[in-house]
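The values are calculated or read from the model by the stated rules, or taken from the named source; none is laboratory data. These figures come from a predicted structure and were not determined experimentally. With ideal geometry, Cβ positions are generated from the backbone for all residues, glycine too; neighbour counts draw on all protein chains shown. Heads up: the accessible areas ignore ligands, DNA and RNA and are worked out on the full protein's heavy atoms, side chains in. Shrake-Rupley method; radii C 1.70, N 1.55, O 1.52, S 1.80 Å.
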Amino acid sequence: MEGKQSGSAEQKTVTELKAVSEEPYLEDKDAAAGGAEPAVAVDDVLSRPLGPTPSQSRFQVDLVTEGFGRPAEAAEKAGREVSMLGKSSEEAKGRFRVNFVDPSAGDETSGESGGGSSEGGNVSLQNGGDAMLNEGSLHSGGRHHHHHYYYDTHTSTYYLRTFGHNTMDAVPRIDHYRHTAADLGEKLIRPSLAELHDELDKEPFEEGYANREEGMPTGEAVATYIPDSKGIVKFGWIKGVLVRCMLNIWGVMLFIRLSWIVGQAGIGLSVVVIAVAAVVTTFTGLSTSAIATNGFVRGGGAYYLISRSLGPEFGGAIGLIFAFANAVAVAMYVVGFAETVVELLKENGTMMVDEMNDIRIIGTITVVLLLGISIAGMEWEAKAQIVLLVILILAIGDFVIGTFIPLDNKKPKGFFGYKAEIFMENFGPDFRNEETFFSVFAIFFPAATGILAGANISGDLADPQSAIPKGTLLAILITTLVYIGIAVSVGSCVVRDATGNINNTIITELTNCTTAACKLNYDFSSCQTGCQYGLMNNFQVMSMVSGFAPLISAGIFSATLSSALASFVSAPKIFQALCKDNIYPGFLMFAKGYGKNNEPLRGYLLTFLIALGFILIAELNIIAPIISNFFLASYALINFSVFHASLAKSPGWRPAFKYYNMWISLVGAILCCIVMFVINWWAALLTYVIVLGLYIYVTYKKPDVNWGSSTQALTYLNALQHSIRLSGVEDHVKNFRPQCLIMTGAPNSRPALLHLVHAFTKNVGLMICGHVHMGSQRQAVKERLSDLAKYQQWLIKNKMKAFYAPVHAEDLRDGGQYLMQAAGLGRMRPNTLVLGFKRNWRQADIRDVETYINLLHDAFDIQYGVVVIRLKEGLDISHLQGQEEILSFQEKSPCSKDVIVKVDYSKKAETDAFSIAFVLSSSEKTPVLHKEDEEDGKTPTQSLLKKGSKGPSSPLNLADQRLLDATTQFQKKQSKSNIDVWWLFDDGGLTLLIPYLLTSKKKWKDCKIRVFIGGKINRIDRDRRAMATLLSKFRIDFSDIMVLGDINMKPKIENITAFEEMIEPFRLHEDDKEQEIADKMKESEPWRITDNELELHKTKTYRQIRLNELLKEHSSTANIIVMSLPVARKGAVSSALYMAWLEALSKDLPPIFLVRGNHQSVLTFYS
């Protein structure tokens, strides 16, 4: 027992965790009663003192053993300190208990830190005393709580107690779903599937980290980020949203322009104008509510809502112009305020300089004050808004009270109180001065904007999901009712024209009165030439009607200043959120926040400067419609976002706000676009151009963000629907396209292979890069998952329209079969296997050669076409670490700098075929490239040589330099030369189709197709004419057709001798051996070439050698050669002989494609 204890004590560890503890899983110390022996902890472990540590918390691992032979008092002591693990001693045998230890506990023993577990709150007992967490303990506890983890030494597993049972599975809880460093609480990390599912054959804590970060445990461990909420100001829905929206919507239009609109359009059409504006804003409010309740909303308002729904392209475009519009809106509102002040100064004769400069002076002073309020903090700004709202409501109340107190001295100015005659007269429109319904609507609509004032400070709201819908929609309702009420009131009280002259009173009653004023004993007929009073002529009607006129002026001041203040706060907040996302890298400096509220002080200063610039211009008649259009563009995109998200049917689109409809949102988006043109057509066009320009810029820059936008969801949905639709379409020869499965291994190891295939599949057919991982399944699965994202990104970065498909298999052949059978989707499946030629086949393990040849046989069995590509320099550059940087360096630098490349000569230099089974470790794959900054102007062939290199780096040898040059040659435009097509055997036309597709691409369009065919000397002309007829029917342009009449001549003796020397190591020479020995060798080494086989296929052997001679004679200067691939009968031709044929056929030539279709027609001359 002592030996066991000492052995186990060696395993005790203290695991440092960057974590905050949770409520403990408490266990009843009497849980083992009823026959079970009490488990006790080893004394030396329990008594070990723990001092403070730099980490926030620790877990101490204590050994738990059976209590055989231990004194009763020791067992009683342990019962107070150790939580029982089960109902029997067998369950507790040989286990560790991992107790949370508070680092601030000083010299407390582990027993003290673990004691008292039975006294904790939040305990719910079940199953005879087993303890489980109740609902209250699902939330993060204080730092002095303990959390019991267990480590089982028998099965090497690390587990918790869940539902009273020993299991590592975590119960569902909100903290598992937080983002890292979320500001709503700590992020917890649930156990990974591998930790629950993998075989228990590894050391404890070897892979216990779900995010693979050292010191970050899985299970219930939490992230280190804990926000300090002390001093942070958060607003509720009334102060944060309702008040702001009402203040922003109630602008100067309410007091200065609404009466004029009623005069022009009449009460009826005025209500229609207000209702149409309300419909647009209500639809937008519903859409805003839907987006705002579809997940946690951070700061950024309209920008955040649009960017997270439609993606960074639309979000980045709208965010910038919306922030700018809010900044300029500050100037608009401040100038409106300054103009009102200047009017009062003018009435009192106290002008400072002149009207224009007075506006500038007052505007500057005002915007400085607004800056001060904003910098003082959101709390001060909110208090100022409350004061301004009170003044505004008093001003509205003042007007309403005034309508019930018609004074005689106001009647000459057109105010008679509520009269049916005035209501009837003012109900219909009376458009003057070329005004129309649409022009009046354009003037009013800016008064309805401002519904996003609350959403724009979403980061400062305590609960944006609840506050934004309630506050925005209620603000729209209240302000719309007030607008309609005031329009009806002023239209019922005040006539359109009045002279203001008390002498216009009618003393004798007239019988032919046609106007309301006449019926009320006033003659305003002289107003045909123009008057100063009435709805049409006096913008200060509300002041005249009100009970106390100065209060209306205060209301105008309140409306302008509150709108200016709301915009002054909104613009920096939106801009800060935009900059944090780094959509526009040049603006990153404005992302920094200060203080507890993360105030964007730099953004405030920028907004101040923009507003000040426009205030000094003091002419906003041109910029005003653009600002309105900017707001409307954002409204349109918010509506479109909801429609788009609903259309995409993404499972992640689950708004808590249910009162929305995708079609209503679409109508809202269309209405916003129409209103933009109604307000100002040229401003609408300008807005579209700006949004489109910013959209194109962001699309081009491709910011590295992934927000799960509806654009992504709809792209997936469209692809899925089209794939399913395509599956129901029958194949047709006219629609055939080569869909290639390329056995590349890691795509960046054979870029030339990729570029060649991409040249004829781009925008035409499917291209899949196959990568077979072999070896340990655990390691291969990890590598496959990491490689999947890495190499797909590599393909996208290098503008390769291809997919990356890694698989794990026991050997290369199995992996190739898996890919050929399972790669692709529906009709988008590969039909052509592309391989690199295995240049090192003579030095390689012959089993690899056998695998290579068998893969070709498998492809033919599955009815695939086959393309084998050979470059005499080779294809594989994986032994050059840093190959990606070299390629991009050589492409972009015409006057290259000196580069040192670290070359791994320990690897086999040539594995071009696809020795992809031997997957490099991550350390071997890491590119290492050393660039020096000296510009010596050396030629590209010298660019990789550097004198005085240090460390393990070495300059490239000539072969590697040539390999790199060959690798990049197909990325450039090809010179005017030939693509030679040696169409010796009819394979269905694939041998001819590939070169045609090549010449249709921009880089290859200057190349001409020359066709070579086999024939007899006595019928060369007839064979040429027949082929020319066939090509013309196929509509394939060609520059020449050559008939090879001497194709069956015997090759040169030296070439035959060279071939025999090449195959000598692979021959069986059974004639020189005893029959039994020869049979055994052939059975054990089926790849060997027998004398009988060699004699049987002598003619075919000579043909390959002769063809190589003809190729060198006719096609040595071609850009590329496309040739029929010879087919070897399965079981009749050994792998070594077939490989020797391919070697003899393709050696010492320009880049060559050996092509064999599946003998199904891929070309047709029928329409």
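The residues on offer are Val698, Val667, and the sole one that is at pLDDT 90 or above and among the hydrophobic types (A, V, I, L, M, F, W, C) is Val667. Would you kindly identify the helices (runs of 4 or more DSSP H) lying entirely within the stretch 237-341 that contain at least 2 residues that are in contact (Cβ under 8 Å) with a residue 60 or more places away in the chain and closer than 22 Å to Leu369 by Cα? Fully inside the stretch 237-341 and qualifying: 243-249.
Could you please find all residues in the stretch 454-475 being surrounded by fewer than 24 Cβ atoms within 10 Å (Cβ to Cβ) and either in a helix (DSSP H, G or I) or more than 31 Å from the chain's Cα centre (by Cα) (or both)? Quick ask: steps written out before the conclusion?
To start, the set of residues in the stretch 454-475 that are surrounded by fewer than 24 Cβ atoms within 10 Å (Cβ to Cβ) comprises 459-460, 462-463, 465-466, 470, 473-474.
Matches in the stretch 454-475: Gly459, Asp460, Gln465, Ser466, Lys470, Leu473, Leu474.
Residues that are under 30 Å from Ile994 (Cβ atoms), open to solvent by 80 Å² or more (accessible area, probe 1.4 Å) and touching a residue at least 12 places away in the same chain (Cβ under 8 Å) number at least 2 in the following helices (runs of 4 or more DSSP H) confined to the stretch 1006-1084: 1020-1033.
Out of all the residues in the stretch 784-795, is one or more open to solvent by 20 Å² or more (accessible area, probe 1.4 Å), in a helix (DSSP H, G or I), in contact with a helix residue (DSSP H, G or I) (Cβ under 8 Å, 6 or more places away or on another chain) and of a type outside the set (S, T, N, Q)? Yes, the conditions are met somewhere in the stretch 784-795. Would you confirm whether or not the stretch 979-991 contains a residue that is assigned to a helix (DSSP H, G or I) and free of Cβ contacts under 8 Å to residues at least 24 places away in the same chain? Within the stretch 979-991 (the criterion being assigned to a helix (DSSP H, G or I) and free of Cβ contacts under 8 Å to residues at least 24 places away in the same chain), the answer is no, since none of the residues qualifies. Residue count for the stretch 824-843 under the criterion of being open to solvent by less than 50 Å² (accessible area, probe 1.4 Å) and more than 17 Å from Phe860 (Cβ to Cβ): the result is 7. For the stretch 1121-1164, filtering for residues that are out of contact with any helix residue (DSSP H, G or I) (no Cβ under 7 Å at 6 or more places or on another chain), part of a strand (DSSP E or B) and more than 19 Å from Asp861 (Cβ to Cβ) leaves 1. For beta carbons closer than 6 Å, sequence separation of 6+ or different chains, a first residue in the stretch 385-400 that is on the phi < 0 side of the Ramachandran plot and surrounded by 19 or more Cβ atoms within 10 Å (Cβ to Cβ) and a second that is of a type in the set (Ser, Thr, Tyr) and not in a helix (DSSP H, G or I), the qualifying pairs are Asp398/Ser546; Phe399/Ser546. Tallying residues that are over 17 Å from Ala453 (Cβ atoms) and among the aliphatic types (A, V, I, L, M) within the stretch 294-320 yields 3. Look at the stretch 795-814: where a residue is of a type in the set (Lys, Arg) and a partner is assigned to a strand (DSSP E or B) and modelled with pLDDT of 90 or more, sitting 6+ places away or on another chain with Cβ atoms under 8 Å, you get Lys801/Met767.
So which of Lys596, Lys592 ends up being basic (Lys, Arg), open to solvent by 20 Å² or more (accessible area, probe 1.4 Å) and in contact with a Pro (Cβ under 9 Å, 6 or more places away or on another chain)?
Values: Lys596 fails: in contact with a Pro (Cβ under 9 Å, 6 or more places away or on another chain).
After applying the criteria, what remains is Lys592.
Taking residues in the stretch 1090-1103 that are of a type in the set (S, T, N, Q), and partners anywhere that are modelled with pLDDT under 90 and open to solvent by 30 Å² or more (accessible area, probe 1.4 Å), the pairs with Cβ atoms closer than 6 Å and at least 6 places apart or on different chains are Thr1090/Glu1070.
Taken over the stretch 1085-1108, the residue count meeting the criterion of being among the acidic types (Asp, Glu) and outside any helix (DSSP H, G or I) is 1. Tallying residues that are within 19 Å of Asn831 (Cβ to Cβ), part of a helix (DSSP H, G or I) and touching a Leu at 6+ places or on another chain (Cβ under 6 Å) within the stretch 708-758 yields 2.
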